[in-house]
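What follows is a set of notes on a single structure, which appears directly below.
Read-outs: derived from the displayed coordinates by stated rules, not from any lab. Fair warning: this is a prediction, and the values are worked out from it, not measured in the lab. Heads up, the Cβs are rebuilt from the backbone with ideal geometry, glycines too, and the neighbour counts pull from every protein chain shown.
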Amino acid sequence: MEIVNDMRQQTCVYWRTTGRDSGGNLTYDTPRELRVRWLDTNEVFIDRNGAQKVSKSKVFVGEDLKPDDVLRYGLLTEVTKPTKPLLNPGASIIQAFSKIPVTIDEPPVEDDDFVRIAFL
């Protein structure tokens, strides 16, 4: 849906989790930029364990993300530690992710027929 795509006029850096190392620490893919709509807002959400939490930011994205992935508002050129996302100021772990169909009358047909929100 075009309105959903049009609202994503900001940029953030995204690190996708790839697994865990031998010490049990999360590992991450090479960071890349995403077009987003980033809102620093406190909103109640339910995390993957069913616990009620309050966000510090809500980020509208154009693709599926998952809890434990990391987002940082800004450009990739501002990242100082590309292999250690949480050592970059402003980087936050995704606590929950929602994917909501835009239309309710018929099944979504296109990948952009969803509103996707990452809660930090």
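Before moving on, here are some points about what is shown:
- For LEU65, the shell of other residues with beta-carbons less than 11 Å away shows a net charge of 0, using +1 for Lys and Arg and -1 for Asp and Glu.
- Over the chain, Cα pairs under 8 Å with separation of 6+ residues give a relative contact order of 27 percent.
- Short to long, the 5 Å bins of the Cα pair-distance histogram for the chain hold 2, 11, 20, 22, 20, 14, 7, 3, 1, 0 percent of all pairs.
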